[in-house]
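Inspection log for the structure reproduced underneath, given as structure tokens.
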Amino acid sequence: MSDLQLFNTLTGKKETFLPRQGKTVHMYACGPTVYDMSHLGHARTFIVWDVVQRYLRYSGYDVVYVRNITDVDDKIINRAKEKDVQPDKVAREFIYHFWNDMHRLNIEAPDFEPRCTEYIALMIDFIEALIQKGHAYASEGDVYFKVESFKDYGKLGKKTVEDLLVGAREQTRSQEELKERKQSPVDFALWKGADKSEPGWQSPWGYGRPGWHLECSTMIKEVLGETIDIHAGGEDLVFPHHENEIAQSNCLHGAPLARYWLHNGFVKVNAEKMSKSLGNFSTIDGLLGTFSADTIRLFVLQTHYRHPIDFSIDSLKSAATAMGRLLRAARFAEDTDSHKNGNEIGNVQDDVTEALHKEFIEAMNNDFNTAQAVSALFSFADKIFNLKGDEKKQQEYARVLKSHAMVLGLTLEDNRQQLDSDTSAQLVELLLNLRDRARQNKDYQASDFIRDQLADRGISVMDSKEGATWEKA
């Protein structure tokens, strides 16, 4: 079978994956800025990198996967002002929501999840070292990276330094206000002075907080080392965020920050990127109220990670219908836990299962082509349906299907007949309405039957002049 090939944004081509240290892989993905609920765009990003780390482990690599959390930021501060609470409360609230969303999407927790606020002292050390090396300078309480000191600046994003002015992240102060502080308008902030009324820390340059680009470079250095194997994130982070990470880390260490740079495409709504600023986003929490985690994962994975996805509710409904085919095929699996081990391909190995395995591996080795891998699962599901009369082989093939699906984080657990608490409560209310109608029609036998059936299921019915109510016994 072919070697694993990755498309490296830095070189603009596919390359054979060769980790720095044998079978050990150090991987870092940029995590969320926690100021609001996560949306489908975030779901795509973190599902993609979840599958990447799953497949690397499945392929025999010892993966150390890090995903950070930005828990201090202008957006968090602004949201705190809107809610009239402290910024750290906003961060804690949306960290919880983020974790809950990730768990419900069957996204595995990273090996390490550093938070910005835990690394402030180390960020200050990082900045001081850059100043000593002549790559940064202090100015009126701020510190800026001297872009002209790094000759390869712009290589990742295939841009000139002037593009920084267009691609820069939102700042509290405008470029016009900053021009007197900067030696060059393209220099970016490593440290931003702040008013004492805002969250901040004391530093050699005064009270303030670190620039956004600095946190990932610092965390990578401290948790994984100076050079890692894979750095991943959304394509919107290529420039200036990852470009700036490369500049500051390379200038400090004299070594590459990462060997392979991977970036996923946008989720688009009416040809526009799904984003909070545009207000065109669907939250993960909201979508999970209607669609299963498997359906959302299938919707994401049926498109190659570097390509954009066009989102609509109809497209998710189509994914749900398609998922039904896989679920029906997986039903043939016997009650066993063997499929949960991603390295198991079931108890049967014949030409059909080996063909699936080969097609699946070749798809994933081709820059994690989950679209082709998913297609292979559907073709194999059809073969299961065609094994009518051979129940034993259907059972074995279904376990093979589930083991490969699990590499993609698809559980293939059929929960379509399981009801959430809101729906269950509505059904109880419906039964009480039917019981009330039976009582009005003096059909006491039917009325008592409904009450007794509910009681057998742990639901007590209480009658009053205002009508019947219920509670769990």
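Computed from the coordinates by the stated procedures, all read-outs in this text should not be read as laboratory data. Predicted model, so just to flag it, every value in this text is computed and none were measured. Neighbour counts run over all protein chains shown; Cβ positions are idealised from the backbone, glycine included.
Things to note:
- A cut-off under 12 angstrom between Cβ atoms defines the neighbours of Leu105, and their net charge, with Lys, Arg +1 and Asp, Glu -1, is -2.
- Placing dummy labels 7 Å off each Cα toward the beta-carbon, the span from Leu18 to Asp62 is 2.1 nm.
- Reachable lysines, given that their alpha-carbon falls under 20 Å from the alpha-carbon of Lys151 and they are not under 8 places away in the same chain: Lys133, Lys159, Lys182
- Sequence-distant contacts, meaning Cα pairs under 8 Å at least 6 residues apart, place the relative contact order of the chain at 16 percent.
- Of the beta bridges in the chain, as assigned by DSSP with both residues counted there, near 50 percent are antiparallel.
- From the coordinates shown, mean projected area of the Cα convex hull in nm² corresponds to which of (1) 24.9; (2) 29.0; (3) 34.0: (2)
- Taking θ as phi - 60° and the Karplus parameters 6.51, -1.76 and 1.60, the scalar couplings of the range 17-23 work out to 6, 9, x, 5, 10, x, 9 Hz in sequence order, x denoting glycine and proline.
- Here the chain is scanned for trypsin sites (Lys or Arg not before Pro) in DSSP loops (not H, G, I, E, B) that have at most 13 other Cβ atoms within 10 Å, and the longest stretch holding none of them is 197-330.
- Sorted by Cβ neighbour density within 10 Å, fewest at the top, the residues Leu298, Leu431: Leu431, Leu298
- Amide H contacts of Ile309 (H built 1.01 Å from N, under 5 Å, at least 5 apart or other chain): Phe266, Val267, Lys268
- Applying 1/(1 + (r/R0)^6) with r as the Cβ-Cβ distance of Lys158 and Asp422 and R0 = 60 angstrom yields a FRET efficiency of 0.75.
- Each of Val25, Val428, Val66 was scored by other Cβ atoms within 10 Å of its Cβ. Listed from fewest to most, they are Val428, Val66, Val25.
- The ranking of Cys216, Cys30 by Cβ neighbour count inside 10 Å, starting from the fewest, reads Cys30, Cys216.
- Sequence-distant residues sharing a close amide H with Trp470 (under 5 Å, placed H): Met462
- Whole-Hz couplings from phi, Karplus 6.51/-1.76/1.60, listed for the range 196-205; x for Gly and Pro: 5, 7, 9, x, x, 9, 6, 8, x, 10
- Compared with the dominant Cα axis of the chain, that is its longest principal axis, helix 243-253 is turned about 60°.
- Relative contact order for the range 5-273, counting Cα pairs under 8 Å that sit 6 or more residues apart, in percent: 23
- For the chain, the longest principal axis of the C-alpha atoms and the axis of helix 421-440 are separated by about 30°.
- Acute angle (nearest 10 degrees) that the helix 444-456 long axis makes with the longest principal axis of the chain, alpha-carbon atoms: 50
- Distances between placed amide hydrogens fall under 5 Å for Asp62 paired with Thr24, Val25, all partners being 5 or more residues away or on another chain.
- Rounded to whole numbers, the Karplus 3J(HN,Hα) couplings from phi for the range 213-223 are 5, 6, 5, 5, 4, 5, 5, 4, 4, 7, 8 Hz, using 6.51 cos²θ - 1.76 cosθ + 1.60 with θ = phi - 60°, and x at Gly and Pro.
- Estimated from helical segments only, the mean residue ellipticity of the chain at 222 nm is -13500 deg cm²/dmol, where each DSSP H run of four or more residues counts as -39500 (n - 2.57).
- Pairwise FRET efficiency - Lys392 versus Glu113, Cβ, R0 = 45 Å, nearest 0.05: 0.55
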